[in-house]
Amino acid sequence: MIIYFSKVNLESTELLKMYQEKSFVDMKKKVLQSFESGIIYEIEDSFKTNTGEVRFVRTNYRLLVGKKTDEYVSGVIYKSTVLYYKKLNAVTGRVEPDSIPTIEDVKFYFDVDKEIVGFHTRQRFGYQEFNTAFAGIINICMEKSNSPMRFFASLYNEGMQIKELKQELRNIGNIKRLEFNFKLPNPSDDEMIDDLSNGLTDTAKMMKEANAHAVSVIFDSDGKVGLNIDSCEIQDKIEKVGHLTNGISDIDAIKNGYARVTATASNGKKFTTEERKPIKRELINEKSEEFFLACKDTIANIFRNDWKKGGDRI
């Protein structure tokens, strides 16, 4: 079993007010209190069959809370959907479409104070799908408690420096699409809150002036050569990754999901900072107690190691 970790962030202009009021403790309490078994997040997708028929697939993600304390909540998310496949008709000898209901279960451990959730995956329930489902469940919980706060989850990784990012982009070559996503940071300690409340800088300041919690910049090219990575505009956006605001380094911004860069080459090769060197841990078995202890221990080590580095804080 492989355990992945994701950072859960508030995605709202409410952050701007919270920087000044320093009310993040109350926000975390609301999130923890809102978790209840039975919450369902639902999505609907569609696809076309070989005959051109459009079929709709509804997928439900149901929350089961196992244990909840003042610091964390643990439990299981059950994914229920319908799997479409083809089978051979033994009588006619023809291939025919068929479907079967399926269910997948994924355990999680959410440290609300650290804003990090640990989870494993299944063959049909990957980490990006988990992030979407987990954030969706939290947001439904917020709606039920009449809270305007909304959250997103992104894969927690080792982060990277600007110089590493530039080299990664050059290694791809012939980039036809380059996307930058910036979000207001979620401070998880008093020092970072002080940095933010004392004044935002660069990109974060621009978002404040626009009353926006996120901004995206996309560069597209349909030429044979691709985008010029060394152009002033693109280099400026790359540098902004490391100058999001006070107290947030380039490594901090990328590993926490405050800044994400996605590049797509003309041959279809894709690079994203979110999925580069994700933090993960391997377990031999799936026993619940070992899973929860592994999540708790790894999250504690993440913060312990970050403080030892003297600057790369969460």
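The values are calculated or read from the model by the stated rules, or taken from the named source; none is laboratory data. Note that the structure is predicted; figures quoted are calculated from it, not measured. Here Cβ is always computed from backbone atoms with ideal geometry, including for glycine, and neighbour counts include all displayed protein chains. Accessible surface is based on the protein model in full, side chains and every heavy atom, while ligands, DNA and RNA are left aside. Shrake-Rupley method; radii C 1.70, N 1.55, O 1.52, S 1.80 Å.
Some observations on this one:
- For region 231-261, the candidate set comprises residues that are among the charged types (D, E, K, R) and over 17 Å from Arg177 (Cβ atoms); within that set, the residue that is surrounded by the fewest Cβ atoms within 10 Å (Cβ to Cβ) is Asp236.
- Flag if Gly126 is surrounded by fewer than 20 Cβ atoms within 10 Å (Cβ to Cβ), within 17 Å of the chain's Cα centre (by Cα) and not β-branched (Val, Ile, Thr): yes
- Residues located in region 254-299, provided they are touching a Lys or Arg at 6+ places or on another chain (Cβ under 6 Å) and of a type in the set (A, V, I, L, M, F, W, C): Phe291, Ala294, Ile299
- Pairs, first in contact (Cβ under 8 Å) with a residue 12 or more places away in the chain in region 44-72, second open to solvent by 100 Å² or more (accessible area, probe 1.4 Å) and among the hydrophobic types (A, V, I, L, M, F, W, C), C-beta under 8 Å, six or more apart: Glu44/Phe56; Asp45/Phe56
- Of all residue pairs spaced 6 or more apart or on separate chains, those with beta-carbon atoms under 7 Å, a first member in region 77-106 that is farther than 21 Å from Tyr41 by Cβ and a second member that is β-branched (Val, Ile, Thr) and assigned to a loop (DSSP other than H, G, I, E, B) are Pro97/Thr49.
- Close Cβ contacts (under 6 Å, 6 or more residues apart or on different chains) running from residues in region 13-29 that are exposed (fewer than 11 other Cβ atoms within 10 Å of the Cβ) to residues that are at pLDDT below 75 comprise Gln20/Ser197.
- Tyr127 being over 11 Å from Val73 (Cβ atoms) and of a type in the set (Ser, Thr, Tyr): yes
- Check on Lys280, open to solvent by 40 Å² or more (accessible area, probe 1.4 Å) and under 13 Å from His120 (Cα atoms): yes
- Against the numbered list (1) assigned to a loop (DSSP other than H, G, I, E, B); (2) under 15 Å from Phe182 (Cα atoms); (3) open to solvent by 30 Å² or more (accessible area, probe 1.4 Å), Ser216 comes up short only at (1).
- Strands (runs of 3 or more DSSP E) wholly inside region 39-90 containing at least 3 residues that are over 19 Å from Thr102 (Cα atoms): 54-68, 72-88
- Filtered residue count, region 74-92, keeping only those that are closer than 16 Å to Phe56 by Cα and surrounded by 10 or more Cβ atoms within 10 Å (Cβ to Cβ): 5
- Answer residue from region 37-69, given it is surrounded by 14 or more Cβ atoms within 10 Å (Cβ to Cβ) and of a type in the set (D, E, K, R) and is modelled with the highest pLDDT among those: Arg62
- Options Asn267, Asn186; residue that is in a loop (DSSP other than H, G, I, E, B), open to solvent by 60 Å² or more (accessible area, probe 1.4 Å) and either out of contact with any Pro (no Cβ under 8 Å at 6 or more places or on another chain) or modelled with pLDDT of 85 or more (or both): Asn267
- Of the listed requirements (1) modelled with pLDDT of 85 or more; (2) crowded, with 20+ Cβ neighbours inside 10 Å; (3) assigned to a helix (DSSP H, G or I), Thr203 misses just one: (1).
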